Amino acid sequence: MCAMEAGKRGRRVALIERADRAGKKILISGGGRCNFTNIYCQPEHFLSANPHFAKSALARYAPADFIALVEKHHILYHEKTRGQLFCDHSANDIVNMLEAECRAAGVQVFLKSKVREVQRTTEFVVRTESTEFRAPALVVATGGLSIPKIGATALGYDLARQFGLQIRPTRPALVPLILGKNDRTQYCDLAGVSAEVDVSTDHHSFREKLLITHRGLSGPAILQISSYWSRGQSIGIDLAPDHDVTAAIRASKVRSMAAARSAFQGLLPHRLAVRWLDLHAPSAWTNQALAELERQIHEWTLVPAGTEGYEKAEVTAGGVDTDELSSRTMESRKVRGLFFVGEVVDVTGHLGGHNFQWAWASGASAGRAL
Ligand SMILES: Cc1cc2nc3c(=O)[nH]c(=O)nc-3n(C[C@H](O)[C@H](O)[C@H](O)COP(=O)(O)OP(=O)(O)OC[C@H]3O[C@@H](n4cnc5c(N)ncnc54)[C@H](O)[C@@H]3O)c2cc1C
C-alpha cells in the first residue's frame, strides 16, 4: 500500500521482500479469503499505549477507500458478520490487486531479498545478501513476530532499536489460550465444542463464539480477549449471556438432575451442558443452590496458564512506540526519512479486518508523505 501510494506520486520505489511473493500473510488470512477490512472500523478497535495515535491515519484512509480499490478491480466480496468484509473467491485477489497497482505505479519489486542490515550515511543504505539499495527515505513494513514459519522476522524492531527508537514490549495477541492442568483435565476432552459467550478481563468484554481446544480455549471470543490478557490475570466467561438457565428447574415440579440437564441442554451445547452439571450440580436443589449454579454459569472464572505463542498468534501487540512517530506520516521524529508502518508499530487491531485496515491506512499515510 505504501509503495503504490509513493509510486503514484512519482517516487522511485523499491519494495524489498524476503519471500518469493509480497503479501504472503494476506494469502493465509481470513481462512484464505482475507478479511480485508471492517466497515465499522474505528479507533476504539485498536490497542496502543496511545489510543489516539491511530486516529489520523484511520481517518485519512477509511474502509471505503480500500473498498473502492477492491471494486475498481472487480473483486467480488461479501460481509460475513459484524462489518467484516471477505473476498468471495480468494485472498489471492487482494494480492493480485496490490501487485497490479504497484506495477501501474512503477514500483520495482525485489523478491527473495532478505534485508540483513541498514546503515545511514547521507542516505539509507539497505543491504541484502546479494545487493545494496540507497535511498533518502526508508519505510519499515516488516510486520510482527507472529507465524515465524511464513517469514516473520524481528528486523523491524531491531532497526527501531538501532536508530534509538523506543519499543513497547511485544507479545502474541489474537491468540488461543492454554488452560492450567486442572481445567484442561476437566474440559479439554470436549475439544471442538463451541458456544456463544461473553468473555471479559481487565474491563474489556466481547460477545462472540468460544471454542474448546485440546489445550485450552480459542474461537473469536478468546482471540479478542487474549489481546487484553496478561499472565496471572483471570478471565471471566458468561456461558449463557442474557439467559436465566435455572428458571426452568425452579419452575419444574420435580427438581432433579434430569430437569437440570434439560434446562442446560436447551442453552448450551449438549456435551458442555452434561460436563458442566457433572462438575457443578449441587447435592440438593434448594433455591440457594440453584442461585449459586446460576451464578457459576455466568461467572466461569479461569486463570489461563499461557497462550499458544507467536506460532499461533494472528498478530503481535506492542512494537515501535507511537511517541516516536508522527501520527500523520508515520515518520520517525528522531530520524528524518525513516518511517514505520503496519503491525511493527504499537497499534494492534481487534479481530475482524481491523489489522489490515491499519496496515492499509498507515501504509497510505507514509506513502503520501514520501
Ligand atoms: C493466520 C493469520 C490470519 C490473519 N487474518 C487476518 C484477517 O483476515 N484480517 C486482518 O485484518 N488481519 C489478519 N491477520 C493480521 C494481518 O495479516 C497483519 O496484521 C498484516 O499482515 C500486517 O501487515 P504488515 O504489512 O505490517 O506486515 P506483514 O503482512 O507481516 O508483512 C511484512 C513483510 O515483511 C517481510 N519481511 C520481514 N522481514 C524481512 C526482512 N528481513 N527482509 C525482507 N522482508 C522482510 C515479510 O516476509 C512480510 O512479507 C492475520 C494474521 C495471521 C497470521
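The values are calculated or read from the model by the stated rules, or taken from the named source; none is laboratory data. In this text, all values refer to a predicted model and were calculated from it rather than measured experimentally. Backbone-built Cβ (ideal geometry, glycine too); neighbour counts: all protein chains shown. Accessible surface areas use protein heavy atoms only, side chains included; no ligands, DNA or RNA. Shrake-Rupley method; radii C 1.70, N 1.55, O 1.52, S 1.80 Å.
Output the number of residues of region 1-38 satisfying the condition of being away from the ligand (no atom under 13 Å from the Cβ) and open to solvent by 50 Å² or more (accessible area, probe 1.4 Å). First the steps, then the outcome.
Filtering region 1-38 down to residues away from the ligand (no atom under 13 Å from the Cβ) leaves 5-13.
From what's left, open to solvent by 50 Å² or more (accessible area, probe 1.4 Å): 8-12.
The qualifying residues number 5.
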Practice task
Could you please let me know if Ile67 is closer than 19 Å to Ala141 by Cα, within 15 Å of the ligand (Cβ to nearest atom) and aliphatic (A, V, I, L, M)?
Solution key: no
Problem - Looking only at region 40-53, and only at residues there that are among the hydrophobic types (A, V, I, L, M, F, W, C) and more than 13 Å from the ligand (Cβ to nearest atom), the one that is nearest to Glu101 (Cα to Cα) - result: Phe53
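Given the structure, is His204 closer than 27 Å to Thr348 by Cα and either out of contact with any Lys or Arg (no Cβ under 6 Å at 6 or more places or on another chain) or free of Cβ contacts under 8 Å to residues at least 60 places away in the same chain (or both)?
So His204 fits the description; yes.
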Practice task
Just name the residue that is nearest to Asp321 (Cα to Cα) out of those in region 146-164 that are open to solvent by less than 60 Å² (accessible area, probe 1.4 Å) and more than 14 Å from the ligand (Cβ to nearest atom).
Solution key: Gly164
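This table checks each residue for (1) among the polar types (S, T, N, Q); (2) open to solvent by 60 Å² or more (accessible area, probe 1.4 Å); (3) within 29 Å of the chain's Cα centre (by Cα); (4) within 16 Å of the ligand (Cβ to nearest atom).
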site: Val254; (1), (2), (3), (4): no, yes, no, no
site: Arg271; (1), (2), (3), (4): no, yes, no, no
site: Glu294; (1), (2), (3), (4): no, no, no, no
site: Ser362; (1), (2), (3), (4): yes, no, yes, yes
Practice task
Evaluate region 296-309: report whether one residue or more is without any contact (Cβ under 8 Å) to a residue 12 or more places away in the chain, over 26 Å from the mean Cα position of the chain (by Cα) and open to solvent by 40 Å² or more (accessible area, probe 1.4 Å).
Solution key: no
Problem - strands (runs of 3 or more DSSP E) enclosed by region 56-145 - at least 3 residues per element that are among the aliphatic types (A, V, I, L, M) and either in contact (Cβ under 8 Å) with a residue 24 or more places away in the chain or open to solvent by 30 Å² or more (accessible area, probe 1.4 Å) (or both) - result: 138-140
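Of the residues Glu129, Glu117, Glu123, only one is at pLDDT below 95 and either of a type outside the set (A, V, I, L, M, F, W, C) or near the ligand (Cβ under 9 Å from one of its atoms) (or both); which? Even if it seems obvious, please write down each step before you answer.
Working: Glu117 fails: at pLDDT below 95; Glu123 fails: at pLDDT below 95.
Going through Glu129, Glu117, Glu123 in turn, just one is at pLDDT below 95 and either of a type outside the set (A, V, I, L, M, F, W, C) or near the ligand (Cβ under 9 Å from one of its atoms) (or both): Glu129.
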